[in-house]
Amino acid sequence: QTSLRLNEQSETMLVTIAKWSRFLGILTFVVVGFMFLLGLIMLFAGSALTVVADLEGFSMWVYGIMYFVGAVLYLFPGLYLYRYSVKMKQALDARDEMALVEALHQQKNLFVYMGVISVVGIVIVILALLAILVAALVVAA
């Protein structure tokens, strides 16, 4: 069995990738925190915002719930990125093969998650377009 060996250039790139993954993971946590905070504001202060902005029939709590859902969905890529960066750094610093496997597992999880979310998003857009088309045909009839 042949083992994979990393040259200096590959290791340098992996170190850089791990640093940027850590940065993006932490940035994602900050964004998720802001989304959660905005969701809370819309839930609890939404009625006041609706009155101030004179938005009759506009339910701010719906947007608050949407922000919470968005925050939860956005949290997972940040977790995967951050875990990847920690394990990759550990793998490179200690020459730890199991940490490398775990880092690649987190990277795989990120790509699978993003792929599934993308497909679900495309399906939702297609269904929404079909619903709009049907509604337009019903109104036109």
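What the table shows:
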{"quantity": "Positive minus negative residues near Y80 (Lys, Arg vs Asp, Glu; Cβ under 14 Å)", "calculated": "+3"}
{"quantity": "Local electrostatic count, L104, Cβ distance below 14 Å [Lys/Arg +1, Asp/Glu -1]", "calculated": "+1"}
{"quantity": "Unit charges at the beta carbon, dipole of the chain: most positive-side option, G78, V32, I17", "calculated": "I17"}
{"quantity": "Accessible surface of the chain [probe 1.4 Å, protein heavy atoms]: carbon and sulfur percent", "calculated": "74 percent"}
{"quantity": "Residue among L130, L75, L24 with the largest mean-square fluctuation in a Gaussian network model of the chain, springs linking Cα atoms under 10 Å", "calculated": "L130"}
{"quantity": "In Hz, Karplus ³J(HN,Hα) per residue of the stretch 71-86 (6.51, -1.76, 1.60; θ = phi - 60°; x = Gly, Pro)", "calculated": "5, 5, 5, 7, 5, 4, x, x, 4, 4, 4, 5, 4, 4, 5, 5"}
{"quantity": "Surface per residue (accessible, 1.4 Å probe) for the stretch 69-141, Å²", "calculated": "69 Å²"}
{"quantity": "Angle between the chain longest axis and helix 97-140 axis [Cα atoms, degrees, rounded to 10]", "calculated": "20 degrees"}
{"quantity": "Charged-residue dipole, Cβ positions (Lys, Arg, Asp, Glu), the chain about Cα centre, Debye nearest 20", "calculated": "320 debye"}
{"quantity": "Shape of the chain, Cα gyration tensor, a/c cut at 1.5", "calculated": "oblate"}
{"quantity": "Kirkwood Rh (inverse of mean 1/r, distinct Cα pairs), the stretch 65-125, angstrom", "calculated": "12.7 Å"}
{"quantity": "Length-normalised contact order of the chain in % [C-alpha pairs under 8 Å, at least 6 apart]", "calculated": "24 percent"}
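The values are calculated or read from the model by the stated rules, or taken from the named source; none is laboratory data. Only a predicted model underlies this, so the values are computations on that prediction, with no experimental measurement involved. Virtual Cβ from ideal backbone geometry, glycine too; neighbours counted across all protein chains shown. Each accessible area value is taken on the protein alone, full model and side chains, heavy atoms only, with ligands, DNA and RNA left out. Shrake-Rupley method; radii C 1.70, N 1.55, O 1.52, S 1.80 Å.
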